[in-house]
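The structure under discussion appears below in the form of structure tokens.
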Amino acid sequence: MNDLLIKDAQVFDGLGNPSKSADVLINEGKIVRIGKITESAKTLVNAHGLSLMPGIVDLHTHFDAQVTWDRTMSPSPALGVTTAVMGNCGFGIAPCPAPLRQTMLKNLSVVEGMDLNALLTGVNWEFESFGEYMDQLRKIGPYLNTAVFAGHSVIRTAVMGEAASEQVTPSQAQLQSMRDLLRESLHDGAIGFASSFSPNHSGFAGRPMPSTIASEAELRSLTQVLGEEQRGVFMMATGSRATPEVMESIAKDTQRPTFISTVLTMYNESMPDKGLEYYEKCLAAQKRGNPLHILTSCQPLSFDFSLTDPYILLSHSAFDAIKAKDLAGLIQVYGDSSFRQAFKKNLQNPKTGILFLGNWAHIELSQSFSSKYKSMEGLNLKDIGTKLGIDPMDAFFDIAVAESLETRFIGKFFNNSDPGVEPLLKHPAAVITLSDAGAHLIYMCDAGFGMHFLSHWIRELKSFSLEEGIRKITSHAADAFKIPGRGRLIEGAYADMLLFDPTTVGMSKIINVNDLPGGGSRMIRKPSGVHGVWVNGAQVHDGKDYVDHAKGPGHVLSSFDK
């Protein structure tokens, strides 16, 4: 008898073809038949009035550490994701020699906004090499189909130790060891190579993440391994150094799919044409036969933060003054007029790629802890400054200092204009993804990018038809990263599926929960209009809660299309 029969759904194949009302029969993890089905199955789901689509493919996540203690990889399965790629930007935990575990986690905690105590408490180290990490994933059994990048900062740390964040030029022997580790990781199933030159990527105690100090020559030497092996994709948090021209030349040299990820490609009201300029350069590269693309976010880039850990501001040099400060030290710095003056100078001449450019209307007071400011919750700092009769920057620091830095703020910096974002989403060079799921848990939760896309861009704005919109976040994403057989509902394909109501699909506002190892907190979102999520034919979420599996049904992906 077959395993699962979904009756009377509106079926979207993920390839952009017209939807059709049909039954879907699943057995042994794959779709057996789509059409009018009279056969029986162990489990029957009545989907009348609902839509069935392939599970969402999330190409940009950071579950590398979390998956070792949480096989569900929450909250992504609840939000319709069935395939995830980890290790983006070159940040992860494998390979990692045992003596460097704390170094790796300390850097990861800062650069990806993670709870350090949760990482130190929760990560289950049963590996040192990349291959051993992949074996551990298979033993764990993740809920999602999972692929992993070999990461530049990880490999640099594994080879150079603490000096990876200090020594700009590796020795020839060190560089060769990095190349060897990358090659070994590709052979052990890495989906490709990821790196970062982003000025926003700082590690523990303000030290630079290792890859961000590497030379272009080092980067090219490592990406050459992809070309030599003719396998793997290359993704880069580019910053301003890895220009589209540099990235195109790497794509040309390696002939491997190459992906740019940077806030410079997002809509920015201070430079409204800058993002689109990147897309046009990528399209021109494609026309020259060089496979260059942009990982594109469909959501506003928002961060929830406090001044005890102002992640979004650390790339401004004025904030060097807060390094290694305790609470009393932080309060003293923030109250100092010379610090504020230095920050103002930073904002007058911001470095390229900086998150906050000085528009105080983009930072809101989210949560206040004193009666004096409670009524201002929800207002932006520009309006609060006007209300108080002071400079918005002074309002920002004064409120935080008065509340012992417990005050919560929300920054909405990029992609905050639908008319500005829509041309980017529709551009031929765009690959819609970029959730950062598993990271920045203290500040945000963008794991539901697919829910946002279905509800906002398809239902509310009607910028895409359901058929085309679903294609964008399923097969188009899978094909871009050479992930075979995912993102489509066709006979013979893996049964990765999302059952939903298109009239109500969406997600909740941010919810703070204390469920990390050691009692740490994080931000999550919950789905609405979701009636079931299946990975390889096994239900992982019923729309309200996770379905318990001693070992998750997700495949650890290690074989990719050429």
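The sole residue among Pro54, Pro18 that is surrounded by fewer than 17 Cβ atoms within 10 Å (Cβ to Cβ) and in contact (Cβ under 8 Å) with a residue 60 or more places away in the chain is Pro18. Inclusion of Ser249 among residues that are touching a residue at least 60 places away in the same chain (Cβ under 8 Å) and of a type in the set (Gly, Ala, Ser) is not warranted.
A quick yes/no check of all residues on (1) modelled with pLDDT under 95; (2) hydroxyl-bearing (Ser, Thr, Tyr); (3) more than 25 Å from the chain's Cα centre (by Cα):
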{"site": "Ala400", "(1), (2), (3)": "no, no, yes"}
{"site": "Arg408", "(1), (2), (3)": "yes, no, no"}
{"site": "Leu434", "(1), (2), (3)": "yes, no, no"}
{"site": "Met451", "(1), (2), (3)": "no, no, no"}
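Residues that are out of contact with any Pro (no Cβ under 8 Å at 6 or more places or on another chain) and of a type in the set (A, V, I, L, M): list the strands (runs of 3 or more DSSP E) wholly contained in segment 266-379 that include at least 3 such residues. Per the criteria, no element qualifies. Taking the criterion of being part of a helix (DSSP H, G or I) and within 16 Å of Leu186 (Cα to Cα), the residues of segment 215-237 that qualify are Ser221, Leu222, Thr223, Gln224, Val225, Leu226, Gly227, Glu228, Glu229. Residue selection: Ala205 satisfies the criterion of being surrounded by fewer than 21 Cβ atoms within 10 Å (Cβ to Cβ), on the phi > 0 side of the Ramachandran plot and in contact (Cβ under 8 Å) with a residue 24 or more places away in the chain.
Residues in segment 217-274 that are of a type in the set (Gly, Ala, Ser) and out of contact with any Ser or Thr (no Cβ under 6 Å at 6 or more places or on another chain): Ala217, Ser221, Gly232, Ala242, Ser249, Ser261, Ser270. Output the number of the condition that Gly492 fails; it satisfies all remaining conditions of (1) more than 30 Å from Arg256 (Cα to Cα); (2) surrounded by fewer than 19 Cβ atoms within 10 Å (Cβ to Cβ). Failing condition for Gly492: (1). Is segment 508-515 home to any residue that is more than 22 Å from the chain's Cα centre (by Cα) and not assigned by TED's automatic domain parsing to the domain that holds Pro423? Checked segment 508-515: no residue is more than 22 Å from the chain's Cα centre (by Cα) and not assigned by TED's automatic domain parsing to the domain that holds Pro423. Within segment 456-470, the set of residues being surrounded by fewer than 24 Cβ atoms within 10 Å (Cβ to Cβ) and either touching a helix residue (DSSP H, G or I) at 6+ places or on another chain (Cβ under 6 Å) or over 26 Å from Ile312 (Cβ atoms) (or both) comprises Ile458, Arg459, Glu460, Leu461, Lys462, Ser463, Phe464, Ser465, Leu466, Glu467, Glu468.
Checking each residue in segment 252-274 for being in contact (Cβ under 8 Å) with a residue 60 or more places away in the chain and either surrounded by 24 or more Cβ atoms within 10 Å (Cβ to Cβ) or more than 26 Å from His187 (Cβ to Cβ) (or both) picks out Phe259, Ser261, Thr262, Val263, Leu264, Thr265, Met266, Tyr267, Asn268, Glu269, Ser270, Pro272. From the list Lys139, Lys106, the lone residue that is within 30 Å of His541 (Cα to Cα) and among the basic types (Lys, Arg) is Lys139. Restricting Gly520, Gly506, Gly532 to residues that are closer than 25 Å to Ile31 by Cβ and touching a Gly at 6+ places or on another chain (Cβ under 9 Å) narrows the list to Gly532. Filtered by the rule that a residue be charged (D, E, K, R) and assigned to a strand (DSSP E or B), segment 23-43 gives Asp23, Lys30, Arg33, Lys42.
Let me confirm something: among Ile410, Ile390, which residue is out of contact with any Pro (no Cβ under 9 Å at 6 or more places or on another chain), under 30 Å from Ile294 (Cβ atoms) and not in a helix (DSSP H, G or I)? Give the steps one after another, and end with the answer.
Values: Ile390 fails: under 30 Å from Ile294 (Cβ atoms).
When all the criteria are applied, what remains is Ile410.
Note on segment 338-371: residues that are in contact with a strand residue (DSSP E or B) (Cβ under 8 Å, 6 or more places away or on another chain), aromatic (Phe, Trp, Tyr) and at pLDDT 90 or above amount to 1.
Okay, residues lined up against (1) charged (D, E, K, R); (2) outside the structural domain of Val81 (by TED's automatic domain parsing); (3) buried (at least 24 other Cβ atoms within 10 Å of the Cβ):
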{"position": "Thr121", "(1), (2), (3)": "no, no, no"}
{"position": "Glu128", "(1), (2), (3)": "yes, no, no"}
{"position": "Gly151", "(1), (2), (3)": "no, no, yes"}
{"position": "Ser196", "(1), (2), (3)": "no, no, yes"}
{"position": "Gly227", "(1), (2), (3)": "no, no, no"}
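Restricting Ala190, Ala251 to residues that are among the small types (Gly, Ala, Ser) and part of a helix (DSSP H, G or I) narrows the list to Ala251. When we screen Ala84, Ala78, Ala94 for residues that are of a type in the set (Gly, Ala, Ser), crowded, with 22+ Cβ neighbours inside 10 Å, at pLDDT 95 or above and in contact with a Leu (Cβ under 9 Å, 6 or more places away or on another chain), the only hit is Ala84.
Would you mention how many residues in segment 532-548 are in contact with a Phe, Trp or Tyr (Cβ under 7 Å, 6 or more places away or on another chain) and surrounded by fewer than 23 Cβ atoms within 10 Å (Cβ to Cβ)?
Initial filter on segment 532-548 (in contact with a Phe, Trp or Tyr (Cβ under 7 Å, 6 or more places away or on another chain)): 535-536, 540.
Add one more test, that the residue is surrounded by fewer than 23 Cβ atoms within 10 Å (Cβ to Cβ), and what stays is 536.
Here the count works out to 1.
The values are calculated or read from the model by the stated rules, or taken from the named source; none is laboratory data. Remember, predicted model here, so these are calculated numbers, not experimental data. Methodologically, a virtual Cβ is constructed for each residue, glycine included, from the backbone with ideal geometry; neighbour enumeration extends over all protein chains shown.
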